[in-house]
1. When you check residue 171 against the structure, is it in contact with a strand residue (DSSP E or B) (Cβ under 9 Å, 6 or more places away or on another chain), without any contact (Cβ under 8 Å) to a residue 24 or more places away in the chain and assigned to a loop (DSSP other than H, G, I, E, B), yes or no?
2. Which condition number does residue 139 fail, the rest of (1) surrounded by fewer than 20 Cβ atoms within 10 Å (Cβ to Cβ); (2) touching a helix residue (DSSP H, G or I) at 6+ places or on another chain (Cβ under 6 Å); (3) farther than 21 Å from residue 62 by Cα being met?
3. For segment 142-158, indicate whether the set of residues that are assigned to a loop (DSSP other than H, G, I, E, B), at pLDDT 95 or above, within 19 Å of the chain's Cα centre (by Cα) and buried (at least 18 other Cβ atoms within 10 Å of the Cβ) is non-empty.
4. So the check is Cβ under 8 Å with 6+ separation or different chains; which pairs have a first residue in segment 2-14 that's closer than 17 Å to residue 121 by Cβ and a second one that's in a loop (DSSP other than H, G, I, E, B) and at pLDDT 85 or above?
5. Just checking, does segment 15-31 include any residue being surrounded by fewer than 20 Cβ atoms within 10 Å (Cβ to Cβ) and under 12 Å from residue 84 (Cβ atoms)?
6. Would you point out which residue out of 128, 134 is farther than 29 Å from residue 65 by Cβ, under 13 Å from the mean Cα position of the chain (by Cα) and at pLDDT 95 or above?
7. For segment 36-78, how many residues meet the condition of being assigned to a loop (DSSP other than H, G, I, E, B) and either at pLDDT below 95 or surrounded by fewer than 23 Cβ atoms within 10 Å (Cβ to Cβ) (or both)?
8. I'd like to know if segment 124-131 contains one or more residues that are touching a residue at least 40 places away in the same chain (Cβ under 8 Å) and surrounded by fewer than 14 Cβ atoms within 10 Å (Cβ to Cβ).
């Protein structure tokens, strides 16, 4: 396929880049709110996942480097920050959209158009977003009871794909992209 034929994949990468960029900033703001409300571990989780979303944005942006023309970014994002409970609900909405709709569609489009780099970027993000959805859902259960999320150890983020793990140590290698656990970012 020619570059002109790949505009749908390009648009998907650009929209994913925009969405992940906004998610990273939104989660950073949510972390500050959680910190002020005394949810130190929820704040740490928001900061860690903010970093993971930045990894996804970077990956999508790098895959856009082969395109020369500008793109209009269309990205869905739940807005209107509130208290930590509401912010977790907003985060869950965003992650659920990415897991159930956005990334499966973008992944199939990249496969159909034969863009292996975009396919890899979308696959990495999808696998991490599934984990983020589960972690935010768990955190909401605790915050709904007025409790902080228990974190045994640290939150670890793979700097290549955004894989996220709560554990005392990172894995030997990332289960998604096989990157050495020694490179994981600790939160």
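1. Considered against the rule, which asks whether it is in contact with a strand residue (DSSP E or B) (Cβ under 9 Å, 6 or more places away or on another chain), without any contact (Cβ under 8 Å) to a residue 24 or more places away in the chain and assigned to a loop (DSSP other than H, G, I, E, B), residue 171 comes out as yes.
2. Going through the list (1) surrounded by fewer than 20 Cβ atoms within 10 Å (Cβ to Cβ); (2) touching a helix residue (DSSP H, G or I) at 6+ places or on another chain (Cβ under 6 Å); (3) farther than 21 Å from residue 62 by Cα, residue 139 breaks only (1).
3. yes
4. Final answer for the pair search is 6/115; 9/115.
5. yes
6. 134
7. 14
8. No, segment 124-131 contains no residue that is touching a residue at least 40 places away in the same chain (Cβ under 8 Å) and surrounded by fewer than 14 Cβ atoms within 10 Å (Cβ to Cβ).
The values are calculated or read from the model by the stated rules, or taken from the named source; none is laboratory data. Please read these numbers as outputs of a predicted model, since none were measured by experiment. When we count neighbours, we look across all protein chains shown, and the Cβ atoms used for this are built from the backbone with ideal geometry, even at glycine.
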